[in-house]
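Enquirer: Before we start, here is the structure in question, set down as structure tokens.
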Amino acid sequence: MRHSPPQSAAPLIASLESISGRPEHPLEARPLNRALAIRDAWSLGAEGVRALLEIVADTDGVADRAAREALERIVTHAARPGAEHEAGAISTALWEIARSTMRIPARRYAVHLLGVVGGESHCRQLGALLEVEELREDVRLALIRMPDSSADEVLREARSRAEGSFRTSLDQALLQRSRGRAVR
């Protein structure tokens, strides 16, 4: 079921959705409109996350790439110093998608973005997704990027239950996190 975007996000979402890049409709790919929509995406905040991830789930090509760029603008803007409340709202919206039944590409991208903006509570929540085979590698990579030390604990707990090559991957994740602390 597709949700309608909030009123403030509607023009941007409509602009991104209209970009299909289909060869039979060359005028639908409006590079200037797309660039302006992506530039202003940061202003959508958490309101636009679900609608943009629905574009990621439902399309390929130009619209998908534009939606991903817009989401990265939203997330990096929220991850700035002093924007903890905004980061929390974005993280919650991303978590809702990550744990949903939306198509796997959108869920994977939500997990990826949580690795940029998620906090301690999302480390623990992401740990539960390590059991989902289609998402576990994306979750592992997101946990490596998260600055919160609770990610180490989540990775260690998952390692104690993991078998085979995924256990080796979790060992590698813990090693990468320990090297990152030495550099910080």
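The values are calculated or read from the model by the stated rules, or taken from the named source; none is laboratory data. Keep in mind the model is a prediction, meaning the values are calculated, not measured. FYI the Cβ positions are ideal-geometry reconstructions off the backbone, even for glycines, and counts take in every protein chain you see.
Enquirer: For region 68-96, give me each residue that is part of a loop (DSSP other than H, G, I, E, B) and touching a residue at least 12 places away in the same chain (Cβ under 8 Å).
Expert: Result: 79, single match.
Enquirer: Would you check which residues across region 43-61 are of a type outside the set (S, T, N, Q), surrounded by fewer than 18 Cβ atoms within 10 Å (Cβ to Cβ) and farther than 19 Å from residue 107 by Cβ and list them?
Expert: The answer is 61, and nothing else.
Enquirer: To continue, here is another question. Which count do you get for residues in region 39-50 that are under 13 Å from the mean Cα position of the chain (by Cα) and hydrophobic (A, V, I, L, M, F, W, C)?
Expert: 2
Enquirer: Further question: Among the residues of region 119-127, are any among the hydroxyl-bearing types (Ser, Thr, Tyr), surrounded by fewer than 18 Cβ atoms within 10 Å (Cβ to Cβ), within 18 Å of residue 56 (Cα to Cα) and more than 13 Å from the chain's Cα centre (by Cα)?
Expert: no
Enquirer: Here's something else I'd like to know. Can you tell me which residue among 96, 153 is modelled with pLDDT of 95 or more and surrounded by fewer than 16 Cβ atoms within 10 Å (Cβ to Cβ)?
Expert: Of 96, 153, the one residue that is modelled with pLDDT of 95 or more and surrounded by fewer than 16 Cβ atoms within 10 Å (Cβ to Cβ) is 96.
Enquirer: Hey, any hits in region 127-136 for a residue that's out of contact with any helix residue (DSSP H, G or I) (no Cβ under 8 Å at 6 or more places or on another chain) and either in a helix (DSSP H, G or I) or under 12 Å from residue 94 (Cβ atoms) (or both)?
Expert: Checking region 127-136: at least one residue is out of contact with any helix residue (DSSP H, G or I) (no Cβ under 8 Å at 6 or more places or on another chain) and either in a helix (DSSP H, G or I) or under 12 Å from residue 94 (Cβ atoms) (or both).
Enquirer: Another question, if that's okay. Look at residue 82 and say whether it is within 27 Å of residue 176 (Cβ to Cβ), surrounded by fewer than 21 Cβ atoms within 10 Å (Cβ to Cβ) and not hydrophobic (A, V, I, L, M, F, W, C).
Expert: Judged against the criteria, residue 82 is not a match.
Enquirer: Let me ask something additional. Quick check: is even one residue across region 60-67 farther than 26 Å from residue 166 by Cβ and outside any helix (DSSP H, G or I)?
Expert: Within region 60-67, one or more residues are farther than 26 Å from residue 166 by Cβ and outside any helix (DSSP H, G or I).
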